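Throughout, read-outs are computed from the coordinates displayed, never taken from laboratory work. Remember, it's a predicted structure, so these values are computed and weren't measured experimentally. Cβ coordinates were reconstructed from backbone atoms using ideal geometry, including for glycine residues, and neighbour counts include every protein chain displayed.
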Amino acid sequence: MSFTEISVHDAYRLLADDPASVLVDVRTPEEWNLVGIPVLDAIAKPVRLASWTHYGTGAANPSFLSDALDGVPVDAPVLFICRSGVRSQGAAQAAAQAGYLQTFNVTEGFEGDLDAEGHRTTGWKHAGLPWRQG
């Protein structure tokens, strides 16, 4: 089983168009609090927050799948987002291997990769999609 790559704009559109779709932010609580989180209030959906790894150590979260997907039907579209689209690849793959039929990795993540000047200037946050900090 595998996952599908999806851009931030296509991800938001899918979340808005499919009532069963779910967004899971796999970053850490430190990132959620300091950098911000996606907001889906305009489409009346919560964002699920479930860390793929632990801050500082990078150790895998052994309860990730249950934290992220408790109560989510296996046929629901599940979109995973992290800072730049790397951790969320692993999360999307793990969900697919656990039997979820439609898993997506949000490719640019919440902030995107570093540019040549060391800035993160792509991703959900910089695409003008809704988010909040703290």
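Given the alternatives (i) 0.97; (ii) 1.05; (iii) 2.04, Cα Rg over 2.2 N^0.38 Å as computed for this entry is given by (i). Between D70 and A116, full extension at 0.36 nm per residue minus the direct alpha carbon distance yields a gain of 12.6 nm. Less than 5 angstrom separates the built amide H of G36 from those of G134, all sequence-distant by 5 or more or on a different chain.
Could you work out the relative contact order of segment 4-132, using alpha carbon pairs under 8 angstrom and six or more residues apart, expressed as a whole percent? Could the numbers behind the result be given before it?
Details: 247 pairs, mean separation 38.0, N = 129.
Reported relative contact order: 29 percent.
When the charge dipole of the chain is built from unit charges on Cβ atoms (+1 for Lys and Arg, -1 for Asp and Glu) and taken about the Cα centre, the candidate among S7, A76, W52 whose Cα reaches farthest toward its positive end is W52.
Close amide-amide hydrogen proximity is noted between E108 and V8, each under 5 Å apart and 5 or more residues distant or on a separate chain (H modeled in the peptide plane; Pro and chain starts excluded). Rounded to whole numbers, the Karplus 3J(HN,Hα) couplings from phi for segment 3-8 are 10, 10, 7, 9, 6, 5 Hz, using 6.51 cos²θ - 1.76 cosθ + 1.60 with θ = phi - 60°, and x at Gly and Pro.
Find how much the distance from A59 to D41 grows on full extension, using 0.36 nm per residue of separation minus their present alpha carbon separation; answer in nm with one decimal. Each step should come with its number before you reach the end.
Values: separation 18, 0.36 × 18 = 6.48 nm, distance 3.15 nm.
So the extension gain works out to 3.3 nm.
Dipole size of the chain about its Cα centre, with +1 on Lys/Arg Cβ and -1 on Asp/Glu Cβ: approximately 180 debye, rounded to the nearest 20. Springs join every pair of Cα atoms under 10 Å in this Gaussian network model of the chain, and among Y55, Y100, Y12 the largest mean-square fluctuation is at Y55. At R0 = 35 Å, how high is the FRET efficiency between N33 and D10 if r is their beta carbon distance? Nearest 0.05 is fine. Here the calculated transfer efficiency is 0.80. The amide H of W131, built 1.01 Å from its N in the peptide plane, has V39 as neighbours under 5 Å, considering only residues 5 or more places off or on other chains. The string of couplings for segment 41-57 from the Karplus curve (6.51, -1.76, 1.60, θ = phi - 60°) is 4, 5, 10, 6, 10, x, 9, 7, 10, 8, 5, 6, 9, 8, 4, x, 8 Hz, one whole number per residue in order, with x for Gly and Pro.
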